[in-house]
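Heads up: the structure comes next, in structure tokens.
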Amino acid sequence: MNVTFFGRHFMIRQVKKGQQLVLSGPVTLFGHQAQMTNPEWETLDVENLHTVGIVPVYPLTEGLSDRSLRKLMKSAVDYWSENIPDYIPEATLERTELADLGWALKQIHFPDGWDHLQHARNRWIFNDLLLLQLTMLANRREWQSVPAHPLEVNDGDLENFVAAVFPYPLTNAQQRAIQDIRQDARLTRPMNRLLQGDVGSGKTAVATVALFLALANGKQAALMVPTSILAEQHYRSIGAGLAQMPGDRKPVVALLTGSLSSAERQSIYRGVADGSIDVVIGTHALIQDGVEFKDLGIAIIDEQHRFGVEQRKALRGKGMNPHLLVMTATPIPRTLALTIHADLDLSIINEMPPGRIPIQTKVVQPVERQRVYNFVEMQLNQGRQAFVVHPLVEASDKIEAPSAMEAYERLQQVFFRHKVGLLHGRMKPAEKDEVMEAFASGQYDVLVTTSVAEVGVNVPNASVMVIEGANRFGLAQLHQFRGRVGRGEHASYCLLLSDTNDDDARQRLQAMEDTTDGFKLAEMDWKLRGAGDLIGTRQSGGNKLQLIQEMTPQLVELAQREARTIYEEDPTLNQEQHRLLALRVQSLHNERSDVS
């Protein structure tokens, strides 16, 4: 084998003639000869020749060799694997057939074989999942320890409201979600419900009914969203719906965002405090100092993944523990959702309203880019609008992928008869709102953007979504992009351009052509890319789920089952066998963070 080192003079000083080395690194073929370029190396330790197992490789710093660090780690691991207390109860380990913590610690650093390493990894993943589940259950128990006001509405009043406000029949899935919310809200135990629905499935209609539950009981209601433009959109659409509410007195609906003048803001504060304002729709401004509701009955958070536990708690604190409904348009497999949102009950809208025109999705080769531009031009000439999404904001030396900045310059020339806008995550929030508002109102025909367009405002006139470097996004994210179009009466299209032809990319993008079901795509994303792409890697306490990419449905279900078993047996974790587990859960529970 041919071995090539960079830093040849250094190697001459370090390596003596006849010395035996251990080399590690990728092996490639050069002609007919195997070669290794710039491998990691160390002098041969005769003990290694007689040791069965897998040799760990650790990150190093200047002055520390692989061999020295391994010896230090071996000494530390040998000691702690014999002395570390296991916080998972013995009964749980017996039911799950998982190894004790000491064995897992030793095998994850110095495994005796690949099967031992995998079992140790499974134990480590289970640790994280069980603690996460129990921490969320502790949050839920704390929130529900303070009673809420029950919101009772009879069948007749609900039917009259739905008939008056919605000019179309609600789907079975929407009706099921409404009944779930209704059953929760009639209790003194405060509702904690997650409403999960695909893009365009009708979550806003369900939220409007939830607002009505508060209004029908003489209570106030609040809806918090992540952006000003989304708040304004909901203010117009929900406000128009509530104006059709039966009865002589129509509810007073206010919009509260950071862009209001001081006088306007103070006027809303007074109306919220004295009860003359019934419903407030707004951004983070809803949870600022100065906002105090007279009698908040229900609080709703839209696009909940943009908000953390602290924001939820702050909104809940604006009333006497109101009922809480959080909503998301990001499909997450049910099993996974029940773990990362264990503090919430789950309702899923898995049915689309009738009459929606399916979005036509097509994978396009990069050589056909001009055909794509011609098609976009044709749509623009018919009065439609288009998104063009890129993986990067600007060109990178490290990543060969299309950038929005470069595309913006180029597409202004390509679509010179039309107005082209630019939107990306490095803009200030006010700038992003301004650009999105301009696009929604038709001032731009083409919007060049990045993943910031994944969740956004409703633009019924947008009929084309072009995604450059589509292989660089997860399926769930691609599906969210696709959901930005097809929201009006026009036929809509999603065109995916890949910058690679490898089999995995082709298989994933083909799935986008084959189905518009976001939940199916989320399941595929989990299997192909791991859970990290669906939920991010944030965990309670700001820690990482250490092996999140290897989290499997089976392990998730196992942790769910065991968490429920422990919680039902000892919800406060006061029993002796749960003492160490309680300390770990408490340390996570007290840290200010989120898994959303």
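The values are calculated or read from the model by the stated rules, or taken from the named source; none is laboratory data. Remember, it's a predicted structure, so these values are computed and weren't measured experimentally. Backbone-built Cβ (ideal geometry, glycine too); neighbour counts: all protein chains shown.
For the reader, a short list of remarks on this structure follows.
- Scanning the range 78-129 for residues that are among the aromatic types (Phe, Trp, Tyr) and outside any helix (DSSP H, G or I) yields Tyr87, Phe110.
- The set of residues from the range 436-453 being surrounded by fewer than 20 Cβ atoms within 10 Å (Cβ to Cβ) and either under 7 Å from Gly421 (Cβ atoms) or among the charged types (D, E, K, R) (or both) comprises Glu437, Ala438.
- In the range 67-83, the condition of being exposed (fewer than 10 other Cβ atoms within 10 Å of the Cβ), modelled with pLDDT of 80 or more, under 30 Å from Glu562 (Cα atoms) and out of contact with any strand residue (DSSP E or B) (no Cβ under 8 Å at 6 or more places or on another chain) is met by at least one residue.
- Those residues of the range 236-291 which are surrounded by 14 or more Cβ atoms within 10 Å (Cβ to Cβ), without any contact (Cβ under 8 Å) to a residue 12 or more places away in the chain and closer than 21 Å to Arg316 by Cβ, in sequence order: Gln288
- Matching residues, the range 454-472, being buried (at least 23 other Cβ atoms within 10 Å of the Cβ) and either without any contact (Cβ under 8 Å) to a residue 24 or more places away in the chain or part of a loop (DSSP other than H, G, I, E, B) (or both): Gly456, Glu468
- Residue in the range 422-430 that is under 30 Å from Thr171 (Cα atoms), in contact (Cβ under 8 Å) with a residue 24 or more places away in the chain and surrounded by 12 or more Cβ atoms within 10 Å (Cβ to Cβ) present: no
- Selection within the range 349-367 - modelled with pLDDT under 90, of a type outside the set (Lys, Arg) and under 20 Å from Lys203 (Cβ atoms): Asn350, Glu351, Met352, Pro353, Pro354, Gly355, Ile357, Pro358
- Residue that is under 30 Å from Val466 (Cα atoms) and surrounded by fewer than 15 Cβ atoms within 10 Å (Cβ to Cβ), where the choices are Pro331, Pro358: Pro358
- Scanning the range 75-93 for residues that are without any contact (Cβ under 8 Å) to a residue 60 or more places away in the chain and among the acidic types (Asp, Glu) gives Asp78, Glu82.
- When the range 206-228 is filtered for residues that are under 25 Å from Asp433 (Cβ atoms), over 21 Å from the mean Cα position of the chain (by Cα) and of a type outside the set (Ser, Thr, Tyr), the ones remaining, listed by number, are Leu211, Ala221, Ala222.
- Assessment of the range 448-462 against the conditions (among the acidic types (Asp, Glu) and over 23 Å from the mean Cα position of the chain (by Cα)) yields no matching residue.
- Residue satisfying all of: in the range 407-424; in contact with a strand residue (DSSP E or B) (Cβ under 9 Å, 6 or more places away or on another chain) and assigned to a loop (DSSP other than H, G, I, E, B); farthest from Val376 (Cα to Cα) among these: His424
- Among the residues of the range 308-326, those identified as within 24 Å of Arg564 (Cα to Cα) and modelled with pLDDT of 80 or more are His323, Leu324, Leu325, Val326.
- Yes/no for Arg193 being surrounded by 19 or more Cβ atoms within 10 Å (Cβ to Cβ), on the phi < 0 side of the Ramachandran plot, outside any helix (DSSP H, G or I) and modelled with pLDDT of 90 or more: yes
- Looking only at the range 210-229, and only at residues there that are surrounded by fewer than 24 Cβ atoms within 10 Å (Cβ to Cβ) and farther than 20 Å from Phe293 by Cβ, the one that is modelled with the highest pLDDT: Pro226
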